[in-house]
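The values are calculated or read from the model by the stated rules, or taken from the named source; none is laboratory data. None of these values were measured; they are calculated from a predicted model. Heads up, the Cβs are rebuilt from the backbone with ideal geometry, glycines too, and the neighbour counts pull from every protein chain shown.
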Amino acid sequence: MIASVRGEVTVRRADHVVVECGGVGYRLAVSANTLRAVPAAGEETLLHTHLVLRDDGMHLYGFSSEEERELFLMLVGVQSVGPKVALAVLSGGSPRDLTNAIAAGDSARFQAVPGIGKRTAERIIVELREKVAGEAVAAAVQTTTSEDPRTLAREGLLGLGFAPAEVDQLLDSAAGDTPEDLIAAALRAAR
């Protein structure tokens, strides 16, 4: 698999860029978010990539950050969400904003994306909410010195965009021994 591409930008369009590496030009489909990070033609860039092999050919997707690539991979794992729709979702904001929208259950944000209806938006939230909560716990564990599961769960939920008062209320009714269990219980209660 091609994990990244570094080289000179030769073409920069609304939906793709071409990056020349060692005499070979790689066409990468990109989101609007990534396109903003790609420099002008003639300058060097580094894009993280994901290669999709299908009957009609090989398709290379480029991302300005590993976080965006990981969110893309989560999105294409959802039934009815293909690579083009996933790129359209990623064009709607930064990976952190989209992760917060998933955690908050903001289906209207995803329904605004062309190609996503109410059912698909709800499916994205249902299927990815707990995965996103796990990432928030990992981030909280890395940024805190506390070992208390409730403290870690609180920081994780705050990182997902919940208000402090709402977090306290959700954690009061949550049961679990680990931060992951507490966050999962709190997210189920927030539905």
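Among the residues of the range 1-41, write down those that are of a type in the set (S, T, N, Q) and either loosely packed, with under 13 Cβ neighbours inside 10 Å or in a loop (DSSP other than H, G, I, E, B) (or both).
Going residue by residue through the range 1-41, those that are of a type in the set (S, T, N, Q) are 4, 10, 31, 33-34.
The one that is of a type in the set (S, T, N, Q) and either loosely packed, with under 13 Cβ neighbours inside 10 Å or in a loop (DSSP other than H, G, I, E, B) (or both): SER31.
Table: residues versus (1) in the same structural domain as LEU157 (by TED's automatic domain parsing); (2) closer than 22 Å to ALA3 by Cβ; (3) of a type in the set (Gly, Ala, Ser).
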| position | (1), (2), (3) |
| --- | --- |
| VAL76 | yes, yes, no |
| GLN79 | yes, no, no |
| ALA88 | yes, no, yes |
| VAL113 | yes, no, no |
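Over 14 Å from the mean Cα position of the chain (by Cα) and in the same structural domain as GLY156 (by TED's automatic domain parsing): which single residue out of GLY42, GLY25, GLY105 fits that description?
Values: GLY42 fails: in the same structural domain as GLY156 (by TED's automatic domain parsing); GLY25 fails: in the same structural domain as GLY156 (by TED's automatic domain parsing).
Just one listed residue meets the conditions, GLY105.
Which one of ARG150, ARG123 is at pLDDT 85 or above, closer than 25 Å to ARG69 by Cβ and surrounded by fewer than 19 Cβ atoms within 10 Å (Cβ to Cβ)?
Working: ARG150 fails: closer than 25 Å to ARG69 by Cβ.
Residue meeting the stated conditions: ARG123.
Any chance the range 159-167 includes a residue that's more than 19 Å from GLU68 (Cα to Cα), modelled with pLDDT of 85 or more, surrounded by fewer than 20 Cβ atoms within 10 Å (Cβ to Cβ) and out of contact with any Leu (no Cβ under 9 Å at 6 or more places or on another chain)?
Taking every residue of the range 159-167 in turn, none turns out to be more than 19 Å from GLU68 (Cα to Cα), modelled with pLDDT of 85 or more, surrounded by fewer than 20 Cβ atoms within 10 Å (Cβ to Cβ) and out of contact with any Leu (no Cβ under 9 Å at 6 or more places or on another chain).
If you scan the range 100-115, which residues turn out to be surrounded by 16 or more Cβ atoms within 10 Å (Cβ to Cβ) and of a type in the set (A, V, I, L, M)?
Scanning the range 100-115 gives ALA101, ILE102, ALA103, ALA104, VAL113.
Please go through the range 42-75 and pick out each residue that is in contact with a strand residue (DSSP E or B) (Cβ under 8 Å, 6 or more places away or on another chain) and not in a strand (DSSP E or B).
Listed by number, the residues that qualify are GLY42, GLU43, SER64, SER65, GLU66, GLU68, ARG69, PHE72, LEU73.
Go through the range 80-91 residue by residue and tally those that are crowded, with 18+ Cβ neighbours inside 10 Å, free of Cβ contacts under 8 Å to residues at least 40 places away in the same chain and outside any helix (DSSP H, G or I).
Qualifying residue count, the range 80-91: 0.
Can you name the residue in the range 62-104 that is in contact with a helix residue (DSSP H, G or I) (Cβ under 6 Å, 6 or more places away or on another chain) and hydroxyl-bearing (Ser, Thr, Tyr) and is also nearest to GLU122 (Cα to Cα) among such residues?
Ranking the qualifying residues of the range 62-104, first place goes to SER80.
Could you list, in sequence order, the residues of the range 4-26 that are acidic (Asp, Glu) and either within 16 Å of HIS48 (Cβ to Cβ) or at pLDDT below 95 (or both)?
At the first step, the residues of the range 4-26 found to be acidic (Asp, Glu) are 8, 15, 20.
Correct list: ASP15 only.
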